[in-house]
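The values are calculated or read from the model by the stated rules, or taken from the named source; none is laboratory data. Source: prediction; values computed, not measured. For neighbour counting, all protein chains shown are included, and Cβ atoms are generated from backbone atoms with ideal geometry for every residue, glycine included. Areas reflect the complete protein model, heavy atoms only, side chains present, ligands, DNA and RNA absent. Shrake-Rupley method; radii C 1.70, N 1.55, O 1.52, S 1.80 Å.
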Amino acid sequence: MNTPAPTPDFAVGQLWRCTGRSLIETPTLLINRIDEHPLGGQIFHATVYGVRVRNPRLPGGIMDKLMHVPVTRTVLEQSATALEGTRPIDPIYQQGYREWKQAFDAGRAGSFGVPLATILEIIERGMNGEGR
């Protein structure tokens, strides 16, 4: 009988290597904060490094970091491939978190529940005015 692999314990300060959209995109995700969702579960507030998201508003047209990405445990379970270690939280997430929290409390924001590669695609399409 096969026993399922144990679910990792995700914690603030962990830096996880994740699956990207291509071989040249090697994202790492830093867990900055964990909130309990009022309906159950957790929301992980992360900064994601090592991405290659097209953004026409930036010099060079490529964004290599996402400052604040709210995700569910499912995202981490589907996307995290290896724990790289721990490090201090990145305060760069705080402005995005404050804006998200205000919108969340007003019922206008949520969290991503799809693999990180899909999140990157959604964000990139949104920044470039492309439909879904």
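What are the ³J(HN,Hα) couplings of the range 121-126, residue after residue, when phi is run through the Karplus curve with 6.51, -1.76, 1.60 and θ = phi - 60°? Round to Hz, x for glycine and proline.
So the Karplus estimates, Gly and Pro as x, are 5, 4, 5, 4, 4, x Hz.
For the range 19-62, which whole percent of the accessible surface, found with a 1.4 angstrom probe, sits on carbon and sulfur atoms? Mind showing how you got there, number by number?
On the way: 1340 of 2270 Å².
Within the range 19-62, the accessible surface is 59 percent carbon and sulfur.
Using the Karplus curve 6.51 cos²θ - 1.76 cosθ + 1.60 with θ = phi - 60°, work out ³J(HN,Hα) for each residue of the range 9-22 in order, rounded to whole Hz, and write x for Gly and Pro.
Each residue of the range 9-22 in turn: 8, 8, 9, 4, x, 7, 10, 10, 6, 10, 7, x, 8, 8 Hz.
Evaluate the chain: find the radius of gyration of its Cα atoms, find its Kirkwood radius, and give the ratio Rg to Rh.
Working: Rg = 15.0 Å, Rh = 15.4 Å.
My calculation of the ratio gives 0.97.
Given the -39500 (n - 2.57) contribution per DSSP H run of 4+ residues, what per-residue ellipticity at 222 nm results for the chain, rounded to the nearest 500 deg cm²/dmol?
Details: 3 runs with 32 residues, N = 132.
Dividing the helical sum by the residues of the chain leaves -7500 deg cm²/dmol.
Taking the Cβ of Gly13 as the centre, find all other residues whose Cβ is under 13 Å away and add up their charges (Lys, Arg: +1; Asp, Glu: -1). Walk me through the numbers on the way to the answer.
Working: positive: Arg33, Arg87; negative: Asp9, Glu84, Asp90.
Charge balance in the 13 Å sphere: -1.
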